[in-house]
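S.K.: The structure that follows is given in the form of structure tokens.
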Amino acid sequence: AEAELRLQRELLLQIQRLGRLQRRETPPKSPPKTPKPPQKTPKPPRVKEEEEEEEEAAPVVPVLVLACDRSSVRRCLDKILRYRPSARRFPVIVSQDCGHAETAAVIASYGAAVSHIRQPELADVPVPPEHRKFQGYYRISRHYRWALGQVFRTFRYRAAIVVEDDLEVAPDFFEYFQAVLPLLEEDPSLWCASAWNDNGKEGLVDARRAELLYRTDFFPGLGWLLLAELWDELEPKWPPAFWDDWMRQPEQRRGRACVRPEVSRTMTFGRKGVSHGQFYDQYLKFIKLNDRFVPFTQMDLSYLKKDQYEGFFLRQVYSAPEVHLEELQKDPGRDSGPVRLQYRGRDSFKALAKALGLMDDLKSGVPRAGYRGVVSFVCRGRRVFLAPPSDWTGYDPSWS
């Protein structure tokens with residue numbers, strides 16, 4: 001019986017070997033009925049391993065969220081955690097000032113998903129008597145210095161994305177910063193990248209061109225990326241108050257630019273704050289938040305490097321036909337070619353900006369979202385460059 005069983009087993013193995021041999025040698029008579037497209041083909045295990053290796057090799061860039069006494073920080077954190085592609089590559093650090101218990105409880109509710117650090121100095125900052133009404137600005141500047149010090153000195157990260165607790169981020173917020181990080185590392189003429197367009201109101205941007213990015217001489221803030229090397233430079237002279245306007249001074253900017261998007265990747269929902277809603281009702285609440293994912297990491301962004309960008313951008317601006325404000329306002333929008341609207345001084349710029357719904361304030365002579373004095377925006381569906389004369393030689397810090 002055992003011999004018979006062995007014989008049957010051998011015959012079965014021979015039949016299986018023969019079947020495999022025939023399948024290898026005989027081509028199929030007809031193609032499969034529903035061939036899978038190449039992109040749908042399952043990746044072999046080694047590709048997954050390579051992806052894991054790339055994930056491990058990718059730089060770690062923390063998101064530093066500065067919080068105080070807004071329990072609505074939940075709205076900010078919910079979107080950050082929803083859209084971040086990797087907890088390892090984008091750890092979230094919430095730095096809280098003010099000691100506000102309700103806000104602390106909200107932050108704690110996220111558990112290990114975020115790191116909660118607390119600014120230890122909660123007393124008022126000593127200020128000159130005439131600056132007592134600006135105490136909030138002094139406290140914010142102190143908090144920024146401490147929190148950035150923790151990120152770059154204590155935790156020793158090489159870059160960071162800074163977000164305030166009243167910002168909501170777009171679906172491609174992380175994709176954008178991941179793509180522009182190498183530009184900051186390679187181009188010394190760039191000192192930051194921001195998610196914000198100061199003139200990003202609906203109607204002033206081309207939402208169909210969400211992939212457009214620009215250089216700007218104006219420091220936008222409101223969701224921005226910096227490198228540790230910049231903190232090395234700024235920390236020793238960090239100001240006691242009004243840190244963002246201080247960043248916009250020529251002594252800090254030193255001729256460098258930031259990257260900014262056509263369509264903002266952040267929006268603010270914080271009407272109440274130390275600025276008492278300055279600009280919020282007129283501009284900020286109308287900012288268009290991008291809702292279409294743009295695969296920036298798959299794009300070549302080298303055009304944003306100064307040696308490539310400047311010549312192309314200026315040719316585009318000054319080759320555009322010049323028009324007057326009245327012509328632009330009457331234009332029905334049928335001709336979609338870009339045009340140039342020229343200003344010839346501070347008052348001229350402010351009048352034109354105000355008439356067009358742009359932010360008209362200047363910081364150290366630099367207009368919001370401007371590059372070499374030029375502000376790019378959309379009016380009635382048409383690209384417009386609000387520009388100085390072509391012989392422009394630089395910003396006048398007395399313009400304000």
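The values are calculated or read from the model by the stated rules, or taken from the named source; none is laboratory data. Just so you know, these numbers come straight off a predicted model, no measurement behind them. Positions of Cβ are generated from backbone atoms using ideal geometry, with glycine treated the same way; all protein chains shown enter the neighbour counts. Heads up: the accessible areas ignore ligands, DNA and RNA and are worked out on the full protein's heavy atoms, side chains in. Shrake-Rupley method; radii C 1.70, N 1.55, O 1.52, S 1.80 Å.
S.K.: Compute, for the stretch 288-377, the length of the dipole vector about the Cα centre, with Cβ point charges of +1 (Lys, Arg) and -1 (Asp, Glu) only. Units Debye, rounded to 20.
M.R.: So the magnitude is around 240 debye.
S.K.: Roughly how many percent of the accessible protein surface of the stretch 57-288 is carbon and sulfur, given a 1.4 Å probe and a whole-percent answer?
M.R.: 51 percent
S.K.: Still on this structure: Using amide H atoms built 1.01 Å from N in the peptide plane, name the residues 5+ places from residue 115, or on other chains, whose amide H lies under 5 Å from its own.
M.R.: Under 5 Å from the amide H of residue 115: 92, 93, 94.
S.K.: How large is ³J(HN,Hα) for each residue in the stretch 286-291, as worked out from phi by the Karplus curve 6.51 cos²θ - 1.76 cosθ + 1.60 (θ = phi - 60°), to whole Hz, x for Gly and Pro?
M.R.: Values per residue, Gly and Pro as x: 9, 5, 7, 8, 4, 10 Hz.
S.K.: Over the stretch 322-366, with the other protein chains present, what is the accessible area per residue in square angstrom, probe 1.4 angstrom?
M.R.: Here the per-residue accessible area is 52 Å².
S.K.: Compare 379, 76 by solvent-accessible area with a 1.4 Å probe and give them largest first, with all protein chains kept in place.
M.R.: So, going from the largest accessible area down, we get 379, 76.
S.K.: Shifting gears a bit: Quick one: Karplus J couplings for the stretch 175-184, per residue in order, coefficients 6.51, -1.76, 1.60, θ = phi - 60°, nearest Hz, x for Gly and Pro?
M.R.: 4, 4, 5, 4, 6, 8, 3, x, 5, 5
S.K.: Across 5 Å bins from 0, what is the distribution of all Cα-Cα pair distances for the stretch 319-387, in whole percents?
M.R.: Going from the shortest bin to the longest, the percentages are 3, 17, 32, 26, 14, 6, 1, 0.
S.K.: Quick one: net charge of residue 302's neighbours, Cβ under 14 Å, K/R +1, D/E -1?
M.R.: Neighbourhood net charge equals -3.
S.K.: In whole angstrom, how far apart do the alpha carbon centroids of the stretch 113-135 and the stretch 65-98 sit?
M.R.: 20 Å
S.K.: Taking every DSSP beta bridge with both residues inside the stretch 319-387, roughly what % is antiparallel (nearest 5)? Could the numbers behind the result be given before it?
M.R.: Working: 8 of 13 bridges.
About 60 percent, rounded to the nearest 5.
S.K.: Something else now. Net charge near residue 113, counting Lys/Arg +1 and Asp/Glu -1 over other residues with Cβ under 14 Å of its Cβ?
M.R.: Around residue 113, the surrounding residues sum to +4.
S.K.: I'd like the Karplus ³J(HN,Hα) series for the stretch 307-313: coefficients 6.51, -1.76, 1.60, θ = phi - 60°, whole numbers in Hz, and an x wherever there's a Gly or Pro.
M.R.: 5, 8, 6, 4, x, 5, 5
S.K.: Let me ask you something else. Could you order peptides 370-378, 317-325 by the average number of other Cβ atoms within 10 Å of their residues, highest first?
M.R.: 370-378, 317-325
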